[in-house]
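Here the structure comes first, spelled out in C-alpha cells, and everything after it is commentary.
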Amino acid sequence: MSFSVTEPTKGTKWFAGFLVVAYAIITLVPLLWIVATGFKSPADSIAYPPVVVFEPTLEGYVNLFTDRTRATDDMLAEAGPPETWYDEIARERGTIITGPSRYGERFLNSVIIGFGSTALCMILGTAAAYAFSRFRVPLKDDLLFFILSTRMMPPIAVAIPIFLMFRNLGLNDTHLGMILLYTAVNLSLSVWLLKGFIDEIPMEYEEAALIDGYTRFQAFYKVVLPQAATGIASTAIFCLIFAWNEYAFAVLLTSGTAQTAPPFIPNIIGVNGKDWPAVAAGATIFLVPVMVFTVLLRKHLLRGITFGAVRK
Amino acid sequence: MAEVSLNALSKSYGEEIALDDVTMTVPDGSFVVLLGPTGAGKTTTLRMVSGLDKPDRGSVMIGGLDVASLTPAQRDVAMVFQQYSLYPHLTVRQNLAFPLKSPILRTPQNVVDQKVGEVAEVLQISHKLDNKATALSGGEMQRVSIGRALVRQPSVYLMDEPLSSLDAKLRSDLRVELKGIQANSGATLLYVTHDQIEAMTMATHVGVLDNGKLVQFGTPREIYENPVSVYAASRLGQPRINVLPADVFGGAPQNAVSIGLRPEHIVQGAGEDSMVKRVERLGDQTRLHLAFKNHDLITVTDAHTALNEGDIVKIRPNNPYYFDAAGARVA
C-alpha cells in the first residue's frame with residue numbers, strides 16, 4: 001500500500017473535520033442524554049416532547065443510593081423535620097429514607113471483579129504470550145489456534161454448562177467465580193494481542209541482559225516488561241471494558257453477594273416503578289471508572305488500536 | 001581475563017550446518033578476529049561462547065573450565081551485538097550501569113558512577129549520559145553498546161560486527177580506539193567481522209571460517225602471506241587476489257589447477273603482454289585492470305603512472321600461489 005504524502009487540500013480537511021464532528025455528536029449525544037436524565041425529575045425524564053432545558057435535581061442520585069418507603073402523614077409527623085438535604089428531597093416526594101441502597105455494594109463488586117479479572121488476565125496473558133513468543137513450545141501453532149477458537153462463539157453460548165459447573169464447584173455468586181470466568185473469556189484476546197507486542201521486541205535486548213548478568217526472569221522483568229508496557233496497557237483496557245460491561249453472565253450467575261452493577265441498574269426500575277433518573281444516575285456513575293482508566297492509559301491506547309497497521 | 005578454547009564444536013539449525021567441528025584456542029590477552037562471509041558461522045561461534053545457544057557437540061572452555069552447564073550470566077562474558085541493542089527504556093547512564101548492577105556483580109553505587117564516568121570518557125559520550133538511549137545517533141548508540149561491555153572486566157569480550165553499521169570515518173576512529181583499549185587492558189577479545197581491514201589492523205590472530213569450518217587460524221600476516229587455500233587467500237588483501245588457470249604463465253607444478261596472484265606477485269615491465277583496460281587512481285595508489293590472454297587481472301602500480309587505457313604492459317608472476325582442484329594450496 002502506498003500513502004499520499006501531499007498536503008491535504010482545504011476541502012479535504014473540512015470534510016474530514018465534518019466527519020469527525022458528526023461522529024463525535026452521534027456517539028456523545030446518548031451519553032450526554034443519560035448524564036442529563038440523571039439530573040431530571042421523574043416527570044421531566046418522561047416528558048414528551050423531551051425537555052432539554054430543565055431544573056436540575058439530585059433526586060435521581062438520592063433514589064439510586066437509598067431505599068425509601070412511602071410515608072403516611074402520621075409517619076412523616078412522627079419522623080420529625082428532615083435532618084439532611086437528601087432526607088428533604090425524599091420527603092418532598094412523600095417518602096422516608098429507610099437506609100442505603102445496595103448500589104454501593106454492587107458498584108464495589110464491579111470494581112473488584114472488573115479490575116481483579118483484568119489484573120489476572122494481564123499476569124497470565126503476559127506470561128503465556130512471552131512463552132509463545134520466545135520459546136519452542138510443542139504444537140505452538142495449534143495451541144494458539146485453540147486459544148483463539150475459544151472466542152469463535154459468543155461466550156454466552158456455553159452459559160448453561162458454565163452455570164452447572166459453577167453450581168457444582170460452589171462458585172455461583174462468588175467474586176472468585178466471576179473473576180475466573182471473565183479472565184477465561186478475555187485470556188485468548190490478551191494472549192494474542194500481547195504476543196504481537198512481545199514479538200515486536202527484538203530478542204537481542206533479553207540476550208544482552210542475560211549476558212549482562214541477569215537471569216531469564218530478571219531479563220523479562222527488567223527489559224521486556226517495560227517495553228511491553230504499551231501493549232499491556234491497551235490490552236488491559238480491552239479486558240476491563242469487557243469485564244466491566246458484561247451483563248448476561250452477571251445476571252445468570254450472580255444475585256446477592258457478588259452481583260455487579262450492570263444487572264443491578266435495571267432492577268431499579270422494578271422496585272420503585274419506572275425511576276428513570278435513578279437508572280440514568282446509576283449508569284452515569286458506572287461510566288466513570290472505565291473513563292478514568294482509559295484516560296490514564298490513553299497515550300498507550302492509540303498505539304494499541306493501530307497496532308499491526310505499521311510494520312517497521 | 002582468560003583463555004577460551006573451542007573443542008570440536010558443531011551446531012546445526014535444522015538442516016543448516018552452522019558450525020562444523022571447530023577447534024580453536026583464543027589465547028589469554030589476544031585479539032582474535034573471526035573472518036568470513038555471512039553464514040560462515042562467525043556469529044554462531046560467539047553465541048556458543050556466550051551461552052546464548054548450546055552446541056550440538058563439542059565443548060567450550062573459558063579459563064580452563066568447561067562452561068557447558070553455565071548460563072550466559074555465569075560465564076562472565078561481555079558481548080557487543082551487531083544491532084547495538086541498547087535498552088530503549090533506559091538512559092545512556094542506566095544502560096552503561098546495567099551490567100554493573102546485575103545480581104551477580106551488585107556493584108556499589110559509587111563504583112558504578114566512577115566506572116560509567118571512565119568508560120563514557122574513553123568513548124566520548126560523557127555529554128550524552130542523561131539522554132534516552134533512543135535519542136542518539138547510530139554511532140553514539142554503538143559506542144554506548146561497546147561501553148556497556150567495557151564497564152566490566154569479564155573473562156572475554158565478544159563482539160559481533162560492532163563497527164559494521166557505522167560510517168567510514170567513525171569506523172576507522174573506533175578501530176584504533178578498540179585496539180588501544182584491548183592492548184592497554186590485556187583483555188581477551190573474540191571479534192567477528194567480514195571486513196578484512198578490521199581483521200588486518202586489530203587482530204593478533206585471525207580465524208578464517210568457511211561454511212562452518214575453521215579453514216585457517218594464525219596471525220594476519222601468516223594468513224596473508226601463507227594462505228592454505230584459495231578461500232583463505234581471498235579473505236585478505238586489497239585488491240583481491242587474482243585467480244587464473246594454472247597454465248597461463250607456464251611453470252606450474254604438476255597438480256596445480258589455478259594460480260593465485262596478489263599485486264605483489266605481478267612484476268611489471270617484463271614477461272608477456274597484457275593490455276590496460278582501466279586505470280583507477282585512488283590517490284596513494286593506482287589500480288590497473290589488465291586483460292591478459294582473455295583473463296582479467298587487477299594489480300597495483302605507481303600512484304603517478306603514465307599508463308592509460310589501451311596501453312600494453314608486460315607482466316610476469318613472481319612467487320605466486322598454486323592451488324589444486326579443491327582450492328587447497330599446493331605451492
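The table below lists the values:
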item: Test for A:Leu187: is it surrounded by 15 or more Cβ atoms within 10 Å (Cβ to Cβ) and more than 14 Å from every other protein chain (Cβ to nearest Cβ); result: yes
item: Subset of region A:213-228 [facing chain B (nearest Cβ under 8 Å) and of a type in the set (A, V, I, L, M, F, W, C)]; result: A:Val223
item: Scope region B:126-150; condition surrounded by fewer than 23 Cβ atoms within 10 Å (Cβ to Cβ) and β-branched (Val, Ile, Thr); matching residues; result: B:Thr134
item: Subset of region A:70-94 [under 21 Å from A:Ala280 (Cα atoms) and not in a helix (DSSP H, G or I)]; result: A:Arg93
item: Residue list for region B:8-27, restricted to those being surrounded by fewer than 17 Cβ atoms within 10 Å (Cβ to Cβ) and within 18 Å of B:Val77 (Cα to Cα); result: B:Thr25, B:Pro27
item: Candidate set from region B:69-112 (those that are more than 19 Å from B:Lys132 (Cβ to Cβ) and of a type in the set (Ser, Thr, Tyr)); member that is nearest to the other protein chains (Cβ to nearest Cβ); result: B:Ser102
item: Residue match in region A:229-238 (condition: out of contact with any Leu (no Cβ under 8 Å at 6 or more places or on another chain) and within 13 Å of chain B (Cβ to nearest Cβ)); result: yes
item: Yes/no for B:Thr204 being under 20 Å from B:Ser172 (Cβ atoms) and either surrounded by fewer than 19 Cβ atoms within 10 Å (Cβ to Cβ) or assigned by TED's automatic domain parsing to the domain that holds B:Asn294 (or both); result: yes
item: Selection status of A:Leu31, without any contact (Cβ under 8 Å) to a residue 24 or more places away in the chain and surrounded by fewer than 17 Cβ atoms within 10 Å (Cβ to Cβ); result: no
item: Selected residue (only one of B:Asp296, B:Asp284 is among the acidic types (Asp, Glu) and over 22 Å from B:Pro220 (Cβ atoms)); result: B:Asp296
item: Residue list for region B:25-51, filter: within 14 Å of another protein chain (Cβ to nearest Cβ) and in contact with a Leu (Cβ under 7 Å, 6 or more places away or on another chain); result: B:Thr44, B:Leu46, B:Met48, B:Val49, B:Ser50, B:Gly51
item: Qualifying residue in region A:194-209 (condition: surrounded by fewer than 19 Cβ atoms within 10 Å (Cβ to Cβ), touching a residue at least 40 places away in the same chain (Cβ under 8 Å), within 25 Å of the chain's Cα centre (by Cα) and within 14 Å of chain B (Cβ to nearest Cβ)); result: no
item: Single match in B:Ala133, B:Ala168, B:Ala233, B:Ala149 (criterion: more than 14 Å from chain A (Cβ to nearest Cβ) and touching a strand residue (DSSP E or B) at 6+ places or on another chain (Cβ under 9 Å)); result: B:Ala233
item: Any chance B:Ala256 is surrounded by 18 or more Cβ atoms within 10 Å (Cβ to Cβ), at pLDDT below 90, in a loop (DSSP other than H, G, I, E, B) and among the aliphatic types (A, V, I, L, M); result: yes
item: Filtered residues of region A:168-185 (kept if under 15 Å from A:Gly114 (Cα atoms), of a type outside the set (A, V, I, L, M, F, W, C) and not in a loop (DSSP other than H, G, I, E, B)); result: A:His175, A:Gly177, A:Tyr182, A:Thr183
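The values are calculated or read from the model by the stated rules, or taken from the named source; none is laboratory data. All values reported here derive from a predicted model rather than from experimental measurement. Every residue, glycine as well, gets a Cβ built from its backbone with ideal geometry; the counts of neighbours run over all protein chains shown.
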